[in-house]
1. Taking into account only those residues within region 133-160 that are farther than 22 Å from E72 by Cβ and within 14 Å of ligand 1 (Cβ to nearest atom), which is surrounded by the most Cβ atoms within 10 Å (Cβ to Cβ)?
2. Can you list residue pairs whose Cβ atoms sit under 7 Å apart, with the first residue in region 68-93 being closer than 17 Å to V159 by Cβ and in a loop (DSSP other than H, G, I, E, B) and the second being of a type in the set (S, T, Y) and within 14 Å of ligand 1 (Cβ to nearest atom)? Count only pairs 6 or more apart in sequence or on different chains.
3. Given the conditions (1) within 12 Å of ligand 2 (Cβ to nearest atom); (2) more than 21 Å from the chain's Cα centre (by Cα); (3) surrounded by fewer than 17 Cβ atoms within 10 Å (Cβ to Cβ); (4) not polar (S, T, N, Q), which single one is not true for Y104?
4. Listed residues R59, R119; which is touching a Gly at 6+ places or on another chain (Cβ under 7 Å) and more than 14 Å from ligand 2 (Cβ to nearest atom)?
5. Of the numbered conditions (1) at pLDDT below 95; (2) more than 10 Å from ligand 1 (Cβ to nearest atom); (3) within 16 Å of the chain's Cα centre (by Cα), L64 fails exactly one; give the number of that condition.
6. I need a count of the residues in region 109-132 that are more than 12 Å from ligand 1 (Cβ to nearest atom) and in contact with an Asp or Glu (Cβ under 8 Å, 6 or more places away or on another chain).
7. Scan K172, K182 and give me the residue that is assigned to a helix (DSSP H, G or I) and in contact with an Asp or Glu (Cβ under 7 Å, 6 or more places away or on another chain).
8. Looking at M117, is it over 25 Å from R52 (Cβ atoms), surrounded by 11 or more Cβ atoms within 10 Å (Cβ to Cβ) and in contact with a helix residue (DSSP H, G or I) (Cβ under 9 Å, 6 or more places away or on another chain)?
Amino acid sequence: MRSLTNRSKIVTDKRLTFLERIYLPAILNGMQVTFSHLFRHKATINYPEKKREFAEIYRGKHVLKRDDEGRERCTACGLCAVACPAEAITMVAAERKQGEEHLYREEKYAAIYEINMLRCIFCGLCEEACPKEAIFLTRETVQSEYNREEFIYGKALLVEPLDPGKRIDISKRQTPEVLAFKKDRTRKHNK
Ligand code: SF4
Ligand code: SF4
């Protein structure tokens, strides 16, 4: 039969030579390969003593952003959930009541917002789909856990801290054009 590639090897049952029977040349050959790797640049690092520097636009754990006044930006429109190819996002919307204007930016907000980190493939499509700049991926990694339930991240793990000093800076994830647009207070989007 004609072979499809030229990678096939013809196997024979010829008798082994003396050198082949004592395996010494094969062992030395293997050791030579091992030692040659000792002096090459290592592809691995000694984690957790050393940590790799992630790119500014690394796609890690999500954050639900607050606006400058500390109000949650998410309006529970569901666009991120629709855009998510892994169906990792679920939410329950609620209507903002009188007196809650300092908590939620829009009239509707996410009473429950959950991301299943085991499903998420960190593609960033939720970030791109969001019209309210409410969800961003960050350089933080998702911690390992023993139980699957621990990977369902709710608002307690997703919404950024209220303290302005502890807010998560996502400005490097946005283009200069987007940042200039956000500073324009005449835009309805920024009111
Ligand atoms: S990063 Fe991708 S997979 Fe993960 S929640 Fe967002 S859209 Fe879904
Ligand atoms: S995070 Fe953005 S896209 Fe998702 S529900 Fe909230 S406002 Fe809509």
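The values are calculated or read from the model by the stated rules, or taken from the named source; none is laboratory data. Keep in mind the model is a prediction, meaning the values are calculated, not measured. Quick reminder, even Gly has a Cβ in these numbers, built from the backbone with ideal geometry, and neighbours come from all protein chains shown.
1. If we take residues in region 133-160 being farther than 22 Å from E72 by Cβ and within 14 Å of ligand 1 (Cβ to nearest atom), then F151 is surrounded by the most Cβ atoms within 10 Å (Cβ to Cβ).
2. So the pair list comes out as C74/Y113.
3. Y104 satisfies all of (1) within 12 Å of ligand 2 (Cβ to nearest atom); (2) more than 21 Å from the chain's Cα centre (by Cα); (3) surrounded by fewer than 17 Cβ atoms within 10 Å (Cβ to Cβ); (4) not polar (S, T, N, Q) except (3).
4. When all the criteria are applied, what remains is R59.
5. Against the list (1) at pLDDT below 95; (2) more than 10 Å from ligand 1 (Cβ to nearest atom); (3) within 16 Å of the chain's Cα centre (by Cα), L64 comes up short only on (1).
6. The qualifying residues number 3.
7. Of K172, K182, the one residue that is assigned to a helix (DSSP H, G or I) and in contact with an Asp or Glu (Cβ under 7 Å, 6 or more places away or on another chain) is K172.
8. It is false that M117 is over 25 Å from R52 (Cβ atoms), surrounded by 11 or more Cβ atoms within 10 Å (Cβ to Cβ) and in contact with a helix residue (DSSP H, G or I) (Cβ under 9 Å, 6 or more places away or on another chain).
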